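Since the structure comes first, as structure tokens, the remarks are kept for the end.
The values are calculated or read from the model by the stated rules, or taken from the named source; none is laboratory data. Computed from a predicted model, the values in this text were never measured in an experiment. Using ideal geometry, Cβ is built from the backbone for each residue, glycine included, and neighbour counts are taken over all protein chains shown. What goes into the accessible areas is simple: the full protein's heavy atoms, side chains included, and nothing from ligands, DNA or RNA. Shrake-Rupley method; radii C 1.70, N 1.55, O 1.52, S 1.80 Å.
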Amino acid sequence: MQTLARPGISPGFHYRLRKYIQKKHGSINAFCRAVGIKYPAQMTPYLTGKCAPGKKMIERLEMDGADIQWLLAGEVPHQTSTILGETLMLSRYRMDIDTLFRKFRLHVQTFSDLYKPCIDAYAVLDHNKSIVDLSGSLENYLGYPGDTLSGTNLKNIMHPEDFSVIEKALEKETRNEAIVTFKSRFRNYDGSYINAEWSLAMHTKPMSDLPEYAMIVKSSES
């Protein structure tokens, strides 16, 4: 399907508009809140190619910081790497948490006589609760060989009773960005369990409506 013809607008406007919205805001609803559109359904004609943008819609996009030339004509001033750009967006908060974790470790090492580490491991989980990014800290914490937990589902390293509680809690959580904390039993490589207190920071994955989770873990006495 092609966007309805209008001077200055090339075919494919609706594809570029959807890509822009997902890349910057993560969802149509978030975009509508940002630009003052009360009903997200109003975006449907633009996103399906049935309607070309009018003056008011273009003004909203300009105020939102969109590249109007690219949206309307599909022209860009330079060659870009879509794959690299999207990968960078997807990993932005992963890099942030990695930087914070390393800074924290350095701080603890500097003041090791005064403080004990309050974070033992971290990882990033996808919408299926499978590990998609880790620094090796979670494997070290649970005694697993290096690179063995990548792609592992959370339920496989947790006591079954605890995991069912976590699933129910996450199903009830409706906020796009929230932090939830649990006390659970994680399974060590040798099959024994370790008590841990841990948190999940929920995010909407860029260019998608699917969630991802940043996880930090610390040992618990009970």
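Each of residue 128 and residue 189 was given a label point 7 Å from its Cα along the Cα-to-Cβ line. The distance between the two points is 2.5 nm.
Applying the Karplus relation 6.51 cos²θ - 1.76 cosθ + 1.60 with θ = phi - 60° to region 128-137 yields 3J(HN,Hα) values of 8, 6, 9, 6, 10, 7, 7, 9, x, 5 Hz, where x marks Gly and Pro.
Given a cut-off of 30 Å, name the pairs among 172/218; 24/55; 24/172; 19/183; 38/172 whose C-alpha atoms lie farther apart than that in the structure shown. Those over the limit are 19/183.
Estimated at 0.36 nm per residue, the fully extended path between residue 24 and residue 148 surpasses their Cα-Cα distance by 41.2 nm. State the Cα centre-to-centre distance between region 23-77 and region 127-206 in whole Å. Measuring centre to centre over Cα atoms gives 37 Å. With a Förster radius of 45 Å applied to the C-beta separation of residue 70 and residue 210, the computed FRET efficiency comes to 0.95. The slack between residue 159 and residue 37, meaning 0.36 nm per residue of separation minus the straight C-alpha distance, is 39.4 nm. Solvent exposure of region 134-215 amounts to 54 Å² per residue of accessible area, where only protein heavy atoms count and the probe is 1.4 Å.
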